[in-house]
Each structure stands twice: as C-alpha cells, then as structure tokens.
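Right, one structure below, let's go through it.
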Amino acid sequence: MGFADSWNRRECVKAAVYTQYGLPDVLHIEEVAKPTPKDDEVLIKVAAVSVNRSDRENLTGKPLYARIGGLLKPRHQILGSDIAGRVEMAGRNITQFHPGDEVFGHILTYTGGFAEYVCVPEQALALKPASMTFEEVAAIPEAGLIALQGIRDKGQVQPGQQVLINGAGGGAGSFAVQLAKFYGAVVTGVDHSGKLDFLRSLGADHVIDYTREDFTTTGKQYDLILDLAAYRSVFAYARALRPKGRYFMVGGSVATLLQMVLLGPWMRSKHIRLLVVHPNANDLVFLTGLYEESRVVPMIDSRYPLREVALALRYLGEGHAKGKVVITVEQNDNTEYSPQHSSS
Ligand SMILES: NC(=O)c1ccc[n+]([C@@H]2O[C@H](COP(=O)([O-])OP(=O)(O)OC[C@H]3O[C@@H](n4cnc5c(N)ncnc54)[C@H](OP(=O)(O)O)[C@@H]3O)[C@@H](O)[C@H]2O)c1
C-alpha cells in the first residue's frame, strides 16, 4: 500500500485550524487526520474545551512572547489547551486511564484542543467527577491552576491578609477571587466597570474600576497582588505592597515582563516576581474537590459550538466575558448555547 493510499484510509476529524497569525477570522474549520496517541499519550474524544486569553495571544501572535517557537508563522496549527472528554484509546505505557474514562486536563503546549479528537500525555489528566459537566471541568485547568498556584502556593495567603487581584473578572481572576476568599483573605478585585457586580457576586470585599482608578496610586497596600493584566512598572507595584508583601505577574505587556525579570529580584523587602504556572493533575483534583464542597465554582459566561470557535475568541477579545468561555464539541440534546452570542 502506497503513502497516498494509507493517507486516504486515515480517518478524518474536524478541527479549527490557523496557518497565520491574525484576528479570529484566520481560523477555519477543516478536516484533519485523526491523531494517533504515542506510547505515553491518551487519545481523547473531546466533549468540551475552554477558551483562554493565551489562545487569543497565540492566535494573534501578540504579545511578542506568544511567537516563541514560531516567529513568522504559528508552529502548531490547532489551538486549545483545556480539554475534557472521554478516553478513546490509551498508548502502550498508559496505566491510569482506560477507554471510556471521563477526563480533563491542561495541554502544556497550548495546542490541539479545538478539535473533535486530541492526544494528551497521561500526567496532564485527571478524572472528571460525576457531579460535574464536561463544560465545568474544561473551564478549570489553566485558569484554575494559575489561581491556585498564585493564591495558595506562591501567595501563601493567610486569613485576614489583604489580597488584590488585577484582572479579576476574567478566567483566572474569577477562580482567584473565590480561592482567596476560601483562604480567608480580604479581597479587592480590579477590572472594568461592567464586571464589578460580577466580582462582588464572587465574594470580593472591595472592587476597583481600572478605567477610573489606578490601584498603585491610592496609598493602600496589600500583602499579595496577583496580576493577570500587568502593564505598570515594578516601582508602581512595589508602592502598592506592604513590607514583605508579594507580587506576581501572570500576564501583561512585554515591557513589564522584562522589568520583572531584570529588576524584580533586586527590589528590597518586596517580593516581585513572574508566576509560571505548572500543569499538575493533583491540583486539578484539589480544585474539583473544592467544587464538590461548594467552595469554588467555574464561572461560565457563554458556550459556543466548535464551528464557532472564531466567534468565541472574538467575544473574549472584546472584553465581555465574565469568567470563562467554553466550546461544546460533543453536542447532545441538552446542549444549550448562549443565544445572544451564537448563531445556533
Ligand atoms: N504565567 C503563566 O504561566 C501563564 C500561563 C497561562 C496564561 N497566562 C496569562 O494569564 C493572563 C490572564 O489569563 P486569563 O485567562 O485570566 O485572561 P482573561 O480571561 O482575559 O482575564 C483578564 C482580565 O483582565 C482584564 N483586564 C484587561 N486589561 C486590564 C487592565 N489594564 N487592568 C485590569 N484588568 C484588565 C480583562 O478585561 P477585558 O475582558 O475587558 O479585557 C479580563 O477581565 C493572560 O495574559 C495569559 O496569557 C500566564
């Protein structure tokens, strides 16, 4: 059998593909070859995948650090890192999962999830609790891990501490507000005016509209600042920290990132650093445990079908989303999309 024959015999599946950086219109639904798992991978039939700011950054190639691995053209052509679905096939070395298992996880390369099938390394996956939907668990990985590792591990938040979350109304921020409250902090959430009621509903004690007030110039100081949208100087952040306070940049501008790396370690008595999130299946299990105790809930703003991934990314970029946007890949009779955002 020749190469052409074997290619023709490979099963094809749908995926949202892009071959150049740009706005969401560069994404198209195409038939691609169904992926085959390597020995340490699991093939998953995707039921839901959530949309992250990082997907949009990798789509547009902005900020510049989103082009690592592909300066002029994207290295990977299918985005989507936070998947949930059923195991269809397990590679030779897989011990934990079996066909039919319902799983979810974060793909470290940020790729492959906007598709009907994806291959994922075993260590990135956790079992979906029966009490949660595929959409709910797909909303957790990247945003939940940023929040947990920022608030619990790096932030080491203690009851009564003052915690400020900048960019609190988005994916990671909506988890971070709930987690900071869970650990007993007094929480200030910062976002634009359209998201302030949402922040209060998550438990924020104080809110700041960043379009009207700069939290680094109010004179108030915090024990921990978790910054999902860092655009200021390290000196401004140092000013807003209590002595021995901690600041962590998660996302923002290249200029601020360079300052963090070059100047952060030299700031006296203030801990100003980058937070690099680590995929961790135990942390995913921890977060679903908090859901089952009704402590932390994935906040899903809207749902889109796979054919409307581009619309979902556009919606996220327009600054409407309160919490997470989710793509429902496997449709069933109960699937309900957000009518105001979807043509279905
Ligand atoms: N360090 C790491 O390891 C790591 C890993 C993954 C992702 N990330 C980064 O984490 C960041 C946050 O992710 P996410 O999924 O939570 O994003 P998101 O859902 O877009 O949330 C960001 C929030 O910040 C708001 N915002 C925008 N500009 C702001 C400003 N100047 N001041 C205060 N708030 C502002 C946004 O409002 P609008 O909706 O109006 O824009 C949005 O509500 C992204 O930049 C992503 O690349 C970092």
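The values are calculated or read from the model by the stated rules, or taken from the named source; none is laboratory data. Keep in mind it's a predicted model, so treat the numbers as computed, not measured. Neighbour counts are summed over all protein chains in view; Cβ atoms, including those assigned to glycine, are modelled from backbone coordinates with ideal geometry. To get the accessible areas, we keep the full protein, side chains included, count just its heavy atoms, and leave off ligands, DNA and RNA. Shrake-Rupley method; radii C 1.70, N 1.55, O 1.52, S 1.80 Å.
At a 1.4 Å probe radius, carbon and sulfur cover how many percent of the accessible area of the chain?
Using a 1.4 Å probe with all protein chains present, the chain comes out at 51 percent carbon and sulfur.
Tell me the label-point distance for the pair Val26, Lys244, using the 7 Å Cα-to-Cβ offset, in nm and rounded to one decimal.
Result for the modelled spin labels: 4.8 nm.
Quick check for you: with a 1.4 Å probe and neighbouring chains kept, what is the accessible area per residue of the chain, in Å²?
46 Å²
Tally Lys/Arg at +1 and Asp/Glu at -1 over every other residue whose Cβ is under 12 Å from the Cβ of Ala176; what's the total?
With Lys, Arg at +1 and Asp, Glu at -1, the neighbours total +1.
Once you list every other residue whose beta carbon is under 14 Å from the beta carbon of Gly289, what net charge do they have if Lys and Arg are +1 and Asp and Glu are -1?
-1
Tally Lys/Arg at +1 and Asp/Glu at -1 over every other residue whose Cβ is under 12 Å from the Cβ of Ala66; what's the total?
For residues surrounding Ala66, the net value is +3.
Just grab the label-to-label distance for Arg152 and Phe235, each label 7 Å out from Cα along the Cβ direction, in nm (one decimal).
3.8 nm
Short version: what are the Cα gyration tensor semi-axes of the range 1-146, square root of 5 times each eigenvalue, largest first, in whole Å?
Semi-axes, largest first: 24, 22, 13 Å.
What spacing in nm lies between the two simple spin-label points modelled at Asp39 and Arg295, each 7 Å away from Cα in the Cβ direction?
A separation of 3.9 nm, rounded to one decimal place.
Where both residues lie in the chain, what percent of DSSP beta bridges are antiparallel, nearest 5?
Antiparallel: roughly 55 percent of the beta bridges in the chain.
How large is log10 of I(q)/I(0) for the range 53-117 at q = 0.25, 0.27 Å⁻¹ when the intensity is taken from the Debye formula with one equal scatterer per alpha-carbon?
Log10 I(q)/I(0), no solvent term: -1.04, -1.15.
Share of Cα-Cα pairs in the range 257-331 beyond 16 Å, in percent?
70 percent
Report, in listed order, any pair from Lys181/Lys324; Lys34/Lys324; Lys62/Lys220; Lys128/Lys322; Lys220/Lys324 with a Cα-Cα distance greater than 26 Å.
Going by Cα-Cα distance, Lys34/Lys324; Lys62/Lys220; Lys220/Lys324 fall outside the 26 Å limit.
Once amide H atoms are placed 1.01 Å from N in the peptide plane, what residues at a sequence separation of 5 or more from Arg295, or on another chain, have their amide H within under 5 Å of its amide H?
Distant-sequence amide H within range of Arg295: zero hits.
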